[in-house]
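The values are calculated or read from the model by the stated rules, or taken from the named source; none is laboratory data. Small disclaimer: the values here were computed from a predicted structure and weren't measured. Cβ sites come from the backbone with ideal geometry, for glycine too, and all protein chains shown count toward neighbours. For the accessible areas, the whole protein counts, side chains as well, though only heavy atoms, and no ligand, DNA or RNA atoms are used. Shrake-Rupley method; radii C 1.70, N 1.55, O 1.52, S 1.80 Å.
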Amino acid sequence: MPKYKMLVFSDVAKGGDEANYNKWYNDQHIPDVCRIDGFTGAQRFKNTIDGITNYLAIYEVDAPDAAAAIANLTSKAGTDEMVMTDDIDIEGTKVMVYEVLTEPYSA
């Protein structure tokens, strides 16, 4: 079965609360996403050098059809299955999906 990485670049909404955004993302959003079929894990990062956004989440997607898994995910946004917050800049959020070609390399 193909494996994918879904990269989500996001930021705090203008006027949003960064502490609430991070608490929601870590304690609510990642567990919600990982309960959806095909999503098996996630890790977050904070940008330390000027960039497009301040935050990156990388999700593990293990599904035969990444587009179908992501369509299922987005259909749940804002429901009890995937609670959202006003603290995220949803309009500025960018999503990219990549198929895994190699196993991680370690020296």
How large is the dipole of the range 3-107 about the Cα centre if only Lys and Arg carry +1 and Asp and Glu carry -1, each at its Cβ, rounded to the nearest 20 debye? 200
Per-residue ³J(HN,Hα) for the range 6-23, Karplus 6.51 cos²θ - 1.76 cosθ + 1.60, θ = phi - 60°, Hz, x for Gly and Pro: 9, 9, 10, 9, 9, 8, 6, 5, 4, x, x, 9, 5, 5, 5, 4, 5, 5
For the chain, find the longest principal axis of its Cα atoms and tell me its angle to the long axis of helix 66-76, 0 to 90°, nearest 10. 30
Solvent-accessible area per residue for the chain (1.4 angstrom probe, square angstrom): 66
List the lysines whose Cα lies under 25 Å from the Cα of Lys76, skipping any in the same chain that are fewer than 8 positions away. Lys3, Lys5, Lys14, Lys23, Lys94
For Cα pairs less than 8 Å apart in space and 6+ apart in sequence, what is the mean separation divided by the residue count of the chain, i.e. the relative contact order in percent? 47
Report the relative contact order of the range 31-84, percent, no decimals, based on alpha-carbon pairs under 8 angstrom and at least 6 residues apart. 34
Considering the chain as a Gaussian network with a 10 Å cut-off on Cα pairs, which listed residue, Ala67, Ala57, Ala42, attains the greatest mean-square fluctuation? Ala67
Apply 1/(1 + (r/R0)^6) to the Cβ-Cβ distance of Glu18 and Asn72, taking R0 = 22 Å, and write down the FRET efficiency to the nearest 0.05. 0.15
Which longest uninterrupted range of the chain lacks any trypsin sites (Lys or Arg not before Pro) assigned by DSSP to a loop state (not H, G, I, E or B) and surrounded by at most 12 other Cβ atoms within 10 Å? 36-107
